[in-house]
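The values are calculated or read from the model by the stated rules, or taken from the named source; none is laboratory data. Quick caveat: nothing in here was measured; it's all calculated off a predicted structure. Backbone-built Cβ (ideal geometry, glycine too); neighbour counts: all protein chains shown.
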Amino acid sequence: MKTGLRQTGIEGGKAKAERSADLRKTTRPRWSLPMLLYEALYQVSVKTKLFDDPIFSLYKYMFSPNQLIFLTRCLAETRDIPGCCVEVGCSKGRTTAFLRKFMDENGIAKDYYAIDTFSGFVAEHVNHEVEHRDKDRNLATYFSLNKRKWFDYSLQISGIESVRSVEIDATKFDFDRIAPISFALLDVDLYIPMTDVLPKVYHNLSTGGVILVDDCAEDQKWDGSFAAYTEFVARNGLKREIVLEKLGIIRK
């Protein structure tokens with residue numbers, strides 16, 4: 001009797017070990033080629049820091065959390081104002097995705113236009129910054145690694161379909177064609193495009209609508225936007241209102 005119990009215990013232990021081995025086999029991750037490449041990039045980046053920003057940096061927005069929240073508040077405040085939403089200067093589309101997701105979650109059913117060259121700054125606009133505003137010519141390299149098809153694809157795989165991207169120099173775009181406008185985010189950085197675009201957007205802004213001008217801060221790389229904003233509000237007798245360090249506000 002004791003021998004039988006001892007033998008049963010041994011067999012039970014062996015069966016348990018076999019089941020554990022089988023479980024490890026089924027739960028062990030299978031490293032696909034993309035995962036192996038990601039692991040390799042991770043190891044290289046840890047040693048060299050080469051891929052830290054493009055791959056491993058977690059916060060990719062050009063706006064702080066408080067600034068993003070303020071943008072959503074303006075969208076919510078203008079939900080019943082007639083007109084579309086316009087973002088001029090979209091880069092990779094992170095802010096576009098954030099704001100469009102917010103609109104969808106909150107039932108703000110409006111057209112959303114994303115306007116950009118998708119290839120960086122226009123040479124003429126950079127030349128003005130260099131020759132008349134004492135800026136570095138390397139401005140020409142910023143935001144140049146981009147394509148509209150990449151922008152559209154990024155939105156698509158993020159589950160966002162209701163954004164109309166337009167590839168154009170914003171100074172050449174006919175804003176009358178999409179009027180009226182209820183909300184506009186202008187992030188074109190440089191003096192010439194902001195000077196050109198701001199009055200066109202304001203002309204088509206609905207009563208009760210809002211324009212937000214990014215980079216309204218002195219003595220920084222993109223203070224051409226600040227100069228254009230300051231001149232526009234002064235020329236039109238509008239209130240100069242800058243919040244959260246860099247967001248210039250224009251209401252109608």
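See the values below:
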{"read-out": "Verdict on Ile211 being in contact (Cβ under 8 Å) with a residue 12 or more places away in the chain, part of a strand (DSSP E or B) and either farther than 21 Å from Val130 by Cβ or out of contact with any strand residue (DSSP E or B) (no Cβ under 9 Å at 6 or more places or on another chain) (or both)", "value": "yes"}
{"read-out": "Residues satisfying the stated conditions in segment 236-248, i.e. touching a helix residue (DSSP H, G or I) at 6+ places or on another chain (Cβ under 9 Å) and over 17 Å from Ser64 (Cβ atoms)", "value": "Asn236, Leu238, Lys239, Arg240, Glu241"}
{"read-out": "Subset of segment 175-214 (residues that are in contact with an Asp or Glu (Cβ under 8 Å, 6 or more places away or on another chain), among the acidic types (Asp, Glu) and at pLDDT 95 or above)", "value": "Asp187, Asp214"}
{"read-out": "Residues satisfying the stated conditions in segment 27-78, i.e. charged (D, E, K, R), in contact with a helix residue (DSSP H, G or I) (Cβ under 8 Å, 6 or more places away or on another chain) and either exposed (fewer than 10 other Cβ atoms within 10 Å of the Cβ) or in a helix (DSSP H, G or I) (or both)", "value": "Asp52"}
{"read-out": "Criterion: modelled with pLDDT of 95 or more and either in contact with a Pro (Cβ under 7 Å, 6 or more places away or on another chain) or not hydrophobic (A, V, I, L, M, F, W, C) (or both) - qualifying residue of Tyr142, Tyr153", "value": "Tyr153"}
{"read-out": "Residue ID - nearest to Asp196 (Cα to Cα), chosen from residues in segment 148-179 that are surrounded by 11 or more Cβ atoms within 10 Å (Cβ to Cβ) and small (Gly, Ala, Ser)", "value": "Ala170"}
{"read-out": "Helices (runs of 4 or more DSSP H) contained entirely in segment 86-158, each with at least 3 residues that are out of contact with any helix residue (DSSP H, G or I) (no Cβ under 9 Å at 6 or more places or on another chain) and assigned by TED's automatic domain parsing to the domain that holds Leu75", "value": "94-105, 148-157"}
{"read-out": "Positions within segment 84-113 being within 11 Å of the chain's Cα centre (by Cα) and at negative phi, in sequence order", "value": "Glu87, Cys90, Lys92, Arg94, Thr95, Thr96, Ala97, Phe98, Leu99, Arg100"}
{"read-out": "Single match in Leu50, Leu68, Leu75, Leu23 (criterion: more than 24 Å from Leu155 (Cα to Cα) and either under 24 Å from the mean Cα position of the chain (by Cα) or modelled with pLDDT of 95 or more (or both))", "value": "Leu50"}
{"read-out": "Filtered residues of segment 130-147 (kept if closer than 13 Å to Lys221 by Cβ and either surrounded by fewer than 11 Cβ atoms within 10 Å (Cβ to Cβ) or charged (D, E, K, R) (or both))", "value": "Arg133, Asp134, Lys135, Asp136, Arg137, Asn138"}
